[in-house]
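There's a structure below that I have some questions on.
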Amino acid sequence: MLKTITIETPAGDALVDITAEAKALVAQSGVDAGICALIVPHTTAAITLNSGMDPATPADIVADLRRLVPTRVDFIHQYDTPADAAAHIKATLVGNSITLAIDGGELLVGWSQSILFYEFDGPRKREIQVKIIAG
C-alpha cells in the first residue's frame, strides 16, 4: 500500500515533524507487522529520525547544517539559485528515505524520536511517499 503525506513548508530551511501523520497511516493500514518506508521524492528536501523531545533540537540541526553547507554563489551548478544548489547538497547528506518497523499495528519509533521532514528550499508544497508492507 502506497500513501502520501502532503505538507506545506515554511520559507528557507526547516524541520517539520510528520510523526503523527505517519503513525496514523500505519494505524489505518491494518498491517499488524511489517515495515514502513518513508520516501522523499524531492531533490531539495530530505527525511530523518531525531529527537522530538526538545524543541531546540531542530533549530540546532538546521543551524549546523547551514554552517556545514552555506548558500554560496560559487557553486558550479546553479540551475535555479545558490540556495537551490546548497539544498541539493544538504539533501544528499541527510538522505531521502527512512525505514521503520511495524509491530502490533504500531509504527516503532523510540520514545524520544520524531520523524522529521527536512525542507531546504521552502516555502513549498511537499509530498512524502509512505510504503507500508506487511510481513
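Provide a single number: the residues in segment 20-58 that are surrounded by fewer than 16 Cβ atoms within 10 Å (Cβ to Cβ), part of a helix (DSSP H, G or I) and either among the hydroxyl-bearing types (S, T, Y) or modelled with pLDDT under 95 (or both).
The total comes to 1.
Let me confirm something: among E119, E127, which residue is acidic (D, E), over 24 Å from G30 (Cβ atoms), modelled with pLDDT of 95 or more and part of a strand (DSSP E or B)?
The unique qualifying residue is E119.
Test I89 against the stated conditions and say whether it is in contact (Cβ under 8 Å) with a residue 24 or more places away in the chain and either surrounded by fewer than 12 Cβ atoms within 10 Å (Cβ to Cβ) or not polar (S, T, N, Q) (or both).
The answer is no for I89.
Here's a follow-up. Which of the following residues is surrounded by 16 or more Cβ atoms within 10 Å (Cβ to Cβ) and within 12 Å of D13 (Cα to Cα): I132, I61, I115?
I61
The values are calculated or read from the model by the stated rules, or taken from the named source; none is laboratory data. Since we're looking at a predicted model, the values are computed, not measured. Quick reminder, even Gly has a Cβ in these numbers, built from the backbone with ideal geometry, and neighbours come from all protein chains shown.
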